[in-house]
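Q: One structure follows; several queries about it will come next.
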Amino acid sequence: MNPYEIRKHFPILDQEVNGNPLVYLDSAATSQKPSAVIESIDKYYREYNSNVHRGVHTLGTKATDAYEGAREKVRKFINAASAEEVIFTRGTTTALNTVARSYGKANLSEGDEIVISYMEHHSNIIPWQQVAKETGASLVYLPLQQDGTISLEDVRKTVTSRTKIVSIMQVSNVLGVINPVKQIAQIAHDNGAIMVVDGAQSTPHLKVDVRSLDCDFFAFSGHKMVGPTGIGVLYGKKELLENMEPIEFGGEMIDFVGLYDSTWKELPWKFEGGTPIIAGAIGLGAAIDFLEEIGLEHIEAHEHKLAAYALEKMSAVEGLQIYGPMDAKQRAGVVTFNIGDVHPHDVATVLDAEGIAVRAGHHCAQPLMKWLDVSATARASFYLYNTEEDIDKLVEGLVKTKEYFSNVF
């Protein structure tokens, strides 16, 4: 794949920021959108804007076909067995909350355990904290190796007959670590637990096959995979979803409403209360078309190459500390770092003056920051439109940052 050709599809990248060409290195927070995605949403609003499922008129039929067509694209993209297993949500956060509030609340009780890791995003911590408080279950944290990876031996020691749910991110948004979720799922199942996978950082960058992973639930967001914001997906095995209660109630998800009781629609609609995120789903479908035309295997290889290049070049900057494994094959296109005593927000501010966009803060991973013994970090994240030239500019900016603050202090 040629990232210079791919960049031409992303109009936002063709601009200057603070007098410098934009170098966008914050795709782990949100990716940029290609013209095809933008145009698909524009076309929906311009040509066939209508609600779905409820009307028999022409616009309603076209909107419904596009919305359900996007669901089928998602099904194929993650290799779900059925479109009934694909629930549209507002994003990964909503999807994980749905599992915790619906499945977790109904299936956990005092003495049960929920296993997560120190590297989890807050969206994969707080829902489990809340459901644990309500049910009397306990949260158990998987230890991490010195480089931030997960040892399967530690998983075998931590997951026991008391474990009912294991919920792990496939790729860390801080360390870039690619976790062995397929093997973890096997260990979970051997102990009678279910496996939940946070795929927010993996789905845009790796080929995901939920049946090969044998996970019970899988969650991801559209906006990190060149799709629009406000749309995401919860995949769940059909037999589990059928026995779960919805957590939002109202129009669209009902079958029959009486004065004192109601019944729900079949899957997947019983989990999609209210007017769904129609434009978002259509945009997500266009994003999947775009990614599949390039090929996830090519995107993954490109990011491994960029990660290896970044680790080499950034390691040469004196005083710069990189977090996570130094083997690019163990990580996705994320490099998190600190420079001496310079606060990450100051690092990001100086880089922004050079037109370079990176993320700074705790990255919604405060338990991991505590484990790393830092209050915050800076993070550069790469995607299919980034180049080695972008990394060269980042390194130049980091050298300038270091020189600036050495002069200040």
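The values are calculated or read from the model by the stated rules, or taken from the named source; none is laboratory data. Note that the structure is a prediction, hence the values are computed from the model and not measured. Here the Cβ is made from the backbone with ideal geometry for all residues, glycine too, and neighbour counts use every protein chain on show.
Q: Of all residues in the range 151-172, how many are aliphatic (A, V, I, L, M), crowded, with 24+ Cβ neighbours inside 10 Å and in a loop (DSSP other than H, G, I, E, B)?
A: Matching residues across the range 151-172 total 0.
Q: Which condition number in (1) more than 30 Å from residue 325 (Cα to Cα); (2) surrounded by 15 or more Cβ atoms within 10 Å (Cβ to Cβ); (3) touching a residue at least 12 places away in the same chain (Cβ under 8 Å) is the one that residue 113 fails?
A: Failed condition: (1).
Q: Tell me yes or no: at least one residue of the range 249-258 is among the acidic types (Asp, Glu) and at pLDDT 95 or above.
A: No, every residue in the range 249-258 fails to be among the acidic types (Asp, Glu) and at pLDDT 95 or above.
Q: Name the single residue, out of those in the range 74-92 being of a type in the set (A, V, I, L, M) and touching a Lys or Arg at 6+ places or on another chain (Cβ under 7 Å), that is surrounded by the fewest Cβ atoms within 10 Å (Cβ to Cβ).
A: 81
Q: Has the range 352-373 got any residue that is among the polar types (S, T, N, Q) and in contact (Cβ under 8 Å) with a residue 12 or more places away in the chain? Quick ask: steps written out before the conclusion?
A: Going residue by residue through the range 352-373, those that are among the polar types (S, T, N, Q) are 366.
After this cut, where a residue has to be in contact (Cβ under 8 Å) with a residue 12 or more places away in the chain as well, the list is 366.
Within the range 352-373, one or more residues are among the polar types (S, T, N, Q) and in contact (Cβ under 8 Å) with a residue 12 or more places away in the chain.
Q: State whether one or more residues within the range 173-182 are in a helix (DSSP H, G or I), among the polar types (S, T, N, Q) and either assigned by TED's automatic domain parsing to the domain that holds residue 232 or in contact with a helix residue (DSSP H, G or I) (Cβ under 9 Å, 6 or more places away or on another chain) (or both).
A: No, because not a single residue in the range 173-182 is in a helix (DSSP H, G or I), among the polar types (S, T, N, Q) and either assigned by TED's automatic domain parsing to the domain that holds residue 232 or in contact with a helix residue (DSSP H, G or I) (Cβ under 9 Å, 6 or more places away or on another chain) (or both).
Q: Assigned to a helix (DSSP H, G or I) and hydrophobic (A, V, I, L, M, F, W, C): is that true of residue 81 in this structure?
A: It is false that residue 81 is assigned to a helix (DSSP H, G or I) and hydrophobic (A, V, I, L, M, F, W, C).
Q: With crowded, with 17+ Cβ neighbours inside 10 Å, modelled with pLDDT of 95 or more, outside any helix (DSSP H, G or I) and touching a Ser or Thr at 6+ places or on another chain (Cβ under 7 Å) as the only criterion, which of 95, 63, 28 stands out?
A: That would be 28, the only listed residue that is crowded, with 17+ Cβ neighbours inside 10 Å, modelled with pLDDT of 95 or more, outside any helix (DSSP H, G or I) and touching a Ser or Thr at 6+ places or on another chain (Cβ under 7 Å).
Q: Something else now. From 249, 218, grab the single residue that is touching a residue at least 24 places away in the same chain (Cβ under 8 Å) and more than 19 Å from the chain's Cα centre (by Cα).
A: Unique residue meeting the criteria: 249.
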